[in-house]
Amino acid sequence: MKHPQTVRESPSYSIRAIDRAIQVLGCFSFQQKEHTMGELSRETRLSKSTVFRILQTLEKHKLVAYDPPSNSYSLGIKLLELGGIVFSSISLRKAASPFLDQLEARINHTVLIAILEGGELVYIDKREGDEPIRLTSEVGKRRPPFFGMLGKTLMAYLPEKEVDELLRRYPLEKVAPRSITDPRKFKRNLKEIREKGYTYEYSEAVEGVIGIAAPVRNHLRKVVAAIGTAFPAFSVDDRRIKEIIHLITDTAKEISSSLGFIELSKEGGRKEVGTRVKSYKL
């Protein structure tokens, strides 16, 4: 087996210990799922004492697992978890992409899709409308889990204990005139969201702005994302708001369907689904 290339180390751009840990992890493959410490030392050209310290640290964080009978190491369960997060996000973005395009074209407002990751709201994709007053955010931006229409939508479908834990870690804040800061009122609002199947908010995240969002489910019927839009209240009338609610909820169902979700009817059967720009940061 060929020796992996030695990582070029620069004190300005890399951390030596991390480079070496990555070298060790890079030795594992489909062809060679297990390695002894001696094999890893030879493959990386690092001393056994260095490899031992690296393996101890990786094992502590469940990035590798040690098997005493064979005196060998394999990749740990934490890498499977992290890989699942990456796979889920990539698959979700790919599945949602054409529907985001269609939705933005029909409502002409910025469309955002987000997930909860590590207890925080994370925007994973967006489409921006070309209306004169635009509300947007950056892909990858993190917010408290309760923030805006997307955060509330995602929290609405969490177990109550998890909601309580997130509210403990991220206390509710007043960021706009109608922000909900009472946990009991917030949890009642989450119940209403579950009952309606979508979130409607006004002046809770940004003053004068309406936010509408709906949940996206996967093949296991689990809510894995939320899709939504936000726009100035003065730019729409009641009729248009109702239209946007239908468009958002229908799009969420279409994305869910593409992820393998099958919506059931009440009877238990399958149900068919069918100028100068000013920006505000969400």
Sites matching trypsin sites (Lys or Arg not before Pro) across segment 20-72 that sit in DSSP coil, with at most 14 neighbouring C-beta atoms within 10 Å = Lys33, Arg45, Lys62
note = Sorted by chain and then number, the residues having a modelled amide H within less than 5 Å of the amide H of Val216, at least 5 places away or on another chain, are Val224, Ala225, Ala226, Ile227
ask   = Can you give the Rg and Dmax of segment 19-121 based on its C-alpha atoms, in angstrom?
value = 20.2, 62
ask   = Round to a whole number: what % of the accessible area of segment 14-123 belongs to carbon and sulfur, probe 1.4 Å?
value = 59 percent
Loop chymotrypsin sites (Phe, Trp or Tyr not before Pro), segment 182-215 (other Cβ atoms within 10 Å of the site Cβ: 12 or fewer; DSSP) = none
task = Anything over 25 Å Cα to Cα? Flag those among Lys60/Lys161; Lys196/Lys222; Lys78/Lys174; Lys141/Lys174; Lys60/Lys141, in the order listed.
result = Lys60/Lys161; Lys78/Lys174; Lys60/Lys141
request  = Report the GluC sites (Glu not before Pro) located in segment 203-248 that are in a DSSP loop and have at most 16 other Cβ atoms inside 10 Å of their Cβ, or state none.
outcome  = Glu207
key: Accessible area per residue, Å², segment 129-209 with all protein chains present, probe 1.4 Å   = 54 Å²
note = Note to self: C-alpha centroids of segment 156-189 and segment 54-102 sit apart, in Å, by 30 Å
key: Cα extents of segment 121-254 along the three principal axes, largest first (Å)   = 41, 37, 29
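The values are calculated or read from the model by the stated rules, or taken from the named source; none is laboratory data. Quick caveat: nothing in here was measured; it's all calculated off a predicted structure. Note that each Cβ is placed from the backbone with ideal geometry, even for glycine, and that neighbours are counted across all protein chains shown. Only protein heavy atoms, including side chains, enter the accessible area calculation; ligands, DNA and RNA are left aside. Shrake-Rupley method; radii C 1.70, N 1.55, O 1.52, S 1.80 Å.
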